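> Supplied in C-alpha cells, the structure appears directly below.
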Amino acid sequence: MRFSIYLTLPLFLAGCSGRHNWLASAGAEADRVEGLFWVLLIGAAVIWCLVIGAAVYAHRRQVDPSLETQARRFIIWGGAVFPSVLVGTLLVWGLVILRDITADEGDLTVRVDGERWWWRVIYETSEGDVVTANEIRLPVDRTALFRLTADDVIHSFWVPALGGKMDMIPGRETRLTLTPVKTGNWGGLCAEYCGGAHALMRFDAIVMEQADFEAWLAHEAEPAQVAAGDPGYTVFAEEGCGACHTIRGTEAAGPVGPDLTHLAAREKLGAGIYEMTPGNMARWITETHEMKPDIDMPPYPDLSGARLDRLVAFLMSLD
Amino acid sequence: MRRYILGALAAVALAGGAFYFVAPYNIAASVPHLPGVANVLHGYLGNAVAVRARSVEIPPHVDLENPGLIRLGAGHFATGCLTCHGGPGIDRNPVAQGMRPAPPKLTSEDFDAKEFWWIARHGFKYTGMPAWPGKSRDDEPWAMAAFLARYDSFDRAGFEEAAFGRAGVYEPEGVPFGAAPAPIPQEVTCARCHGEDGLGRDGTAPKLAGQSGAWLARVLGAYSAGHRESGFMEPVAAPLGDEAIGRIAARYAGMDATWRGTPFPLGDAERGEELATQGSEHDDIASCVSCHGSGAEGPKRDDTPKIAGQDGYWLVNWLHMYRDGPVPETPRAHLMAAAARTLSDSDIHDLAAYFSRGP
C-alpha cells in the first residue's frame, strides 16, 4: 500500500513524453542541458540526504565541548566553502553550455522573426534568402544557427526536444544553435507570454535527412506556379490579400503577414495549430478570429460560395 | 434634539414635495428669467466653454485659414445652424426666437476658434443647442470653428456663395424649418460642398466625380442609416431613400474622373509612396494600392474607393477615423480598420502627402 503511490509517478512523467519532450534526446543541445539537469537533480538529492543526515546526527549526539573546534571547521568547509565551489563550478558549466549553444557558427543559418503570433522564417542560402513561415525544417546531424529577432514584443523560441529556449527581443538579435540527431516532427512554441494568442503561437520543427532537406529547401526557394488568369488567384488579388501576403512569382508582395508561396506544403495552418485542410482554410479566411483570437488578419465573412471555393482551392495548390 | 432634527427633515421633504407637485416656478419660455438669473446662467456658460476649450488642441493638419474648410463650415452652417441663428444678413426664424434662451445672432467676437469647436462638438444642455450629429467625429467641427472665426467678414452674398456655390439660393428672409416652404433641390444640396463637377469645390469636400457608383451608394446609404458617422453627411443623407441614393451615386459616378492633385502641406510624399506601394514589414503596414489601386489603375473592387488624387485633409481624417474610431458599421470597414490600426500620425501624413499628389 505504502509503495502504491510511487506507482502513480509514471502518470505524471507521461506529461513529458511526445514531440515536445525535452528529454527526448533528439538534439545535441537538448542533450547538453539534459546532462546538466541530471547532475543537478542527482547531486541535489545526494546533498539533501547528507545535510538531513548531518542534522539528525547532530540532534542525536550528546554535546561534546572538546569537539567544538572540529565542528566549527566542519561548518566553514561544509557550509561555506563546499557550496560556493559547487555552485561556482555549476555556473561555469552552465555558462560553457550557454556559450556553445549560442555560438556564432553553424552549417546553415536561419533567421526567425517573432511576430504576434507567428514566426517569420528566413533561410540564408548562397542564392539569397528563402522566406517561409511557421514551419522549420532542419537536416539531421547538422548544426543550424538561428538568428532570432522580434518585431513587437518579447517572444521566446523553443523546440524542447532539440534545444533552447532563447528569448527574441525587439531591437536585438539573439542566437541559438540546434543540432538535431533524430529525424521526426518536433514541436516548437513561444515560451514567453506575448499577448492574447501566445498559447497558439507554435510551429513544427521537422528534422529530415540531409538530401531530403536540400530538396525541400530548393523547392521552397522556387516561386509559386500560378497560371495567368487563375480564377483563385483573381479572388486573392481582388480581396487585397497581397497587401499583407507575398506569393513569389505573382504581384502579391505584401510584407506584413506570412509568406504564402508554398503555404500548402506546410503541415499546419495558423502557426502550427490546425491541420492544413481545405475546410480549415475556408474557416481561417471567414472566421479568422474564432480560429485564432486577436490576430491582425481581419476575417472575410462576406466571402462565400464559389468565390471562397476558388480561393481555397488556389491556396491549397500552393505546394 | 433628535425630535427637532426629524421634524425639520420632514418639513423640508414636505416643502420639496409641495414644490415638485404644485410647480410654482414658472418655466414658461414666454416669461423672462427672474432678475439676474439670465446673466448668471450666461456667465457660467461662458466660463464652462473657456475652461474646457483650454485643453483643446488644433490638429496639425487643420488649417483654420483654409478657404475650403471655411466654405465647408458655411455649408454645414446652412444645414444645421441657419434656421435658429440666422446667418450673415439673414434673419433668424421667428419660431426660434420664441426659445428661451433665444439662439443669438452670432459674431466672431463671442468666442475663439477652439471655443467654437467645443460648442459645435458638444452643444449646451437646457438651451436647445445640439451636440455634433456625428457623435464621435472630433475632426469635423473644425470646419465650424474655421467659419465662425471668420463669420463677421461675410455679408449675405459672400455667405451664400461660400455655402451654396452661388448667391440668391435662399429666397425667404426668415429661414424655413426643414424643407418647407422652398426646398433646395437635391442637386444643389450635394453640389454646394462637393461642387457641380463633383470635384469638391477646391477642398471644401471630398472629390466624388468618377468614384465607383457602388461605393458611393454604399457610403451614402451608410450615412443615411446612421452606420457611418458624420455631422455633415448624416443630416443631408437621412431623408434619402434607396432610389435617391442610387440616383445621386450614379450621377457622381458618371462625372469626369480627372482628379487634379492638391498639395498637402504635411508629410513626406516619398515615404508615403513607399508605404503605400510596399507596406512595411517592421511596422506591420499593409500596402494601400493592393486594394485601392495606384494612380493609373483603379481599385480592384467596385466597393473600394479610389483615393489617388483625393485631398489630403480627407485622407487624414478618414485614416484617423478608421484607426481611432468611429469605424463605420459597413460590411468591409473592418478591413480598413485592420489596415489603419498600425499607422502612426506621421505615417498618415506621409500617405496623405503621397495620395493627394494625384495619379
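The values are calculated or read from the model by the stated rules, or taken from the named source; none is laboratory data. The model shown is predicted, which means the values in this text are computed figures rather than measured ones. Cβ atoms come from the backbone with ideal geometry, glycine included; neighbour counts cover every protein chain shown.
> Kindly indicate the residue of the range A:117-174 that is farther than 21 Å from A:K268 by Cβ and acidic (D, E) and also nearest to the other protein chains (Cβ to nearest Cβ) among those meeting that condition.
Per the stated criteria, the residue is A:D151.
> Any residue at all in the range B:209-218 that is more than 18 Å from B:G254 (Cβ to Cβ) and modelled with pLDDT of 90 or more?
No, the conditions are met nowhere in the range B:209-218.
> Given the conditions (1) surrounded by fewer than 22 Cβ atoms within 10 Å (Cβ to Cβ); (2) of a type outside the set (F, W, Y); (3) at pLDDT 95 or above, which single one is not true for B:V316?
Going through (1) surrounded by fewer than 22 Cβ atoms within 10 Å (Cβ to Cβ); (2) of a type outside the set (F, W, Y); (3) at pLDDT 95 or above one by one, B:V316 breaks only (1).
> Being among the charged types (D, E, K, R) and under 20 Å from the mean Cα position of the chain (by Cα) is the requirement here; does B:E115 meet it?
yes
> If I go through the range B:316-347 residue by residue, how many of them are part of a loop (DSSP other than H, G, I, E, B) and over 24 Å from B:L199 (Cα atoms)?
11
> Continuing with the same structure: How many of the residues in the range A:242-251 are more than 8 Å from every other protein chain (Cβ to nearest Cβ) and either free of Cβ contacts under 8 Å to residues at least 24 places away in the same chain or in contact with a Leu (Cβ under 8 Å, 6 or more places away or on another chain) (or both)?
The number of residues fulfilling the criteria is 4.
> Here is a check on your reading of the model: is B:E297 part of a loop (DSSP other than H, G, I, E, B), within 13 Å of chain A (Cβ to nearest Cβ) and either touching a residue at least 12 places away in the same chain (Cβ under 8 Å) or more than 23 Å from the chain's Cα centre (by Cα) (or both)?
Judged against the criteria, B:E297 is a match.
> While we're on this one: Output the residue which, of all residues in the range A:150-163 that are of a type outside the set (D, E) and surrounded by fewer than 19 Cβ atoms within 10 Å (Cβ to Cβ), is farthest from the chain's Cα centre (by Cα).
The qualifying residue farthest from the chain's Cα centre (by Cα) is A:V153.
> Can you name the condition, by its number, that A:P258 falls short on among (1) more than 14 Å from chain B (Cβ to nearest Cβ); (2) touching a strand residue (DSSP E or B) at 6+ places or on another chain (Cβ under 7 Å)?
Only one criterion is unmet by A:P258, namely (1).
> Here is a further query. Checking B:G134 against (1) assigned by TED's automatic domain parsing to the domain that holds B:S153; (2) closer than 23 Å to B:P326 by Cα; (3) surrounded by fewer than 19 Cβ atoms within 10 Å (Cβ to Cβ), only one condition comes out false. Which one?
All conditions are met except number (3).
> Any residue in the range B:276-289 that's more than 7 Å from every other protein chain (Cβ to nearest Cβ): show its pairings with residues that are outside any loop (DSSP other than H, G, I, E, B) and surrounded by fewer than 15 Cβ atoms within 10 Å (Cβ to Cβ) at Cβ separation under 8 Å, as long as the two are six or more apart or on different chains.
B:C288/B:T277; B:V289/B:T277
> I need the full set of residues from the range B:199-229 which are at negative phi and part of a loop (DSSP other than H, G, I, E, B), in order please.
Residues satisfying the conditions are B:L199, B:T204, B:A205, B:P206, B:K207, B:L208, B:A209, B:Q211, B:S212, B:H227, B:R228, B:E229.
> Any idea which residue in the range B:300-315 is farthest from the chain's Cα centre (by Cα), counting only those that are over 14 Å from B:A352 (Cα atoms) and either at the interface with another protein chain (Cβ under 9 Å from one of its Cβ atoms) or part of a helix (DSSP H, G or I) (or both)?
B:K300
> Filtering the range B:323-344 down to residues that are away from chain A (no Cβ under 12 Å) and not aliphatic (A, V, I, L, M), which residue is farthest from B:R218 (Cα to Cα)?
Applying the filter and picking the extreme gives B:S344.
> How many residues are assigned to a loop (DSSP other than H, G, I, E, B) and either in contact with a Cys (Cβ under 8 Å, 6 or more places away or on another chain) or in the same structural domain as A:K292 (by TED's automatic domain parsing) (or both) when one looks only at the range A:188-208?
Number satisfying all stated conditions: 1.
Each row is one residue, and each column tells you yes or no for (1) in contact with a Ser or Thr (Cβ under 7 Å, 6 or more places away or on another chain); (2) farther than 22 Å from B:H282 by Cβ; (3) of a type in the set (F, W, Y); (4) surrounded by 14 or more Cβ atoms within 10 Å (Cβ to Cβ).
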{"residue": "A:S84", "(1), (2), (3), (4)": "no, yes, no, no"}
{"residue": "A:V87", "(1), (2), (3), (4)": "no, yes, no, no"}
{"residue": "A:W93", "(1), (2), (3), (4)": "no, yes, yes, yes"}
{"residue": "A:R99", "(1), (2), (3), (4)": "no, yes, no, no"}
{"residue": "A:G128", "(1), (2), (3), (4)": "no, no, no, no"}
{"residue": "A:L138", "(1), (2), (3), (4)": "no, yes, no, yes"}
{"residue": "A:K165", "(1), (2), (3), (4)": "yes, yes, no, yes"}
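> Quick one: which of B:S287, B:S294 is within 18 Å of B:G267 (Cα to Cα) and of a type in the set (S, T, N, Q)?
Answer to the check: B:S287.
> What residue, of A:D113, A:D100, A:D129, A:D107, is modelled with pLDDT of 95 or more and more than 24 Å from A:D296 (Cβ to Cβ)?
Being modelled with pLDDT of 95 or more and more than 24 Å from A:D296 (Cβ to Cβ) holds for just one of A:D113, A:D100, A:D129, A:D107, which is A:D107.
> From the set of residues in the range A:209-241 that are of a type in the set (D, E), surrounded by 15 or more Cβ atoms within 10 Å (Cβ to Cβ) and not in a helix (DSSP H, G or I), which is farthest from the other protein chains (Cβ to nearest Cβ)?
A:D230
Here's the yes/no breakdown for (1) under 19 Å from B:G203 (Cα atoms); (2) of a type in the set (V, I, T); (3) buried (at least 17 other Cβ atoms within 10 Å of the Cβ):
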| residue | (1), (2), (3) |
| --- | --- |
| B:R251 | no, no, yes |
| B:T262 | yes, yes, yes |
| B:L275 | no, no, yes |
| B:Q278 | no, no, no |
| B:E281 | no, no, no |
| B:A286 | no, no, yes |
| B:S290 | no, no, yes |
| B:P305 | yes, no, yes |
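> Consider only pairs whose beta carbons are under 6 Å apart and that are at least six residues apart or on different chains; among these, list those whose first residue lies in the range A:79-97 and is in contact (Cβ under 8 Å) with a residue 24 or more places away in the chain and whose second residue is part of a helix (DSSP H, G or I).
A:I97/A:R32
> Please work out which one of (1) over 24 Å from the mean Cα position of the chain (by Cα); (2) modelled with pLDDT of 95 or more; (3) within 21 Å of B:Y313 (Cβ to Cβ); (4) crowded, with 20+ Cβ neighbours inside 10 Å is the condition B:Y223 fails and give its number.
Among (1) over 24 Å from the mean Cα position of the chain (by Cα); (2) modelled with pLDDT of 95 or more; (3) within 21 Å of B:Y313 (Cβ to Cβ); (4) crowded, with 20+ Cβ neighbours inside 10 Å, the lone unmet condition for B:Y223 is (1).
> Search the range A:277-319 for residues being among the β-branched types (V, I, T) and outside any loop (DSSP other than H, G, I, E, B), and hand back the single one that is farthest from the other protein chains (Cβ to nearest Cβ).
The extreme case among them is A:V312.
> Report yes if B:A102 is in contact (Cβ under 8 Å) with a residue 60 or more places away in the chain and either touching a Ser or Thr at 6+ places or on another chain (Cβ under 9 Å) or of a type in the set (A, V, I, L, M) (or both), otherwise no.
For B:A102, the condition - in contact (Cβ under 8 Å) with a residue 60 or more places away in the chain and either touching a Ser or Thr at 6+ places or on another chain (Cβ under 9 Å) or of a type in the set (A, V, I, L, M) (or both) - is not met.
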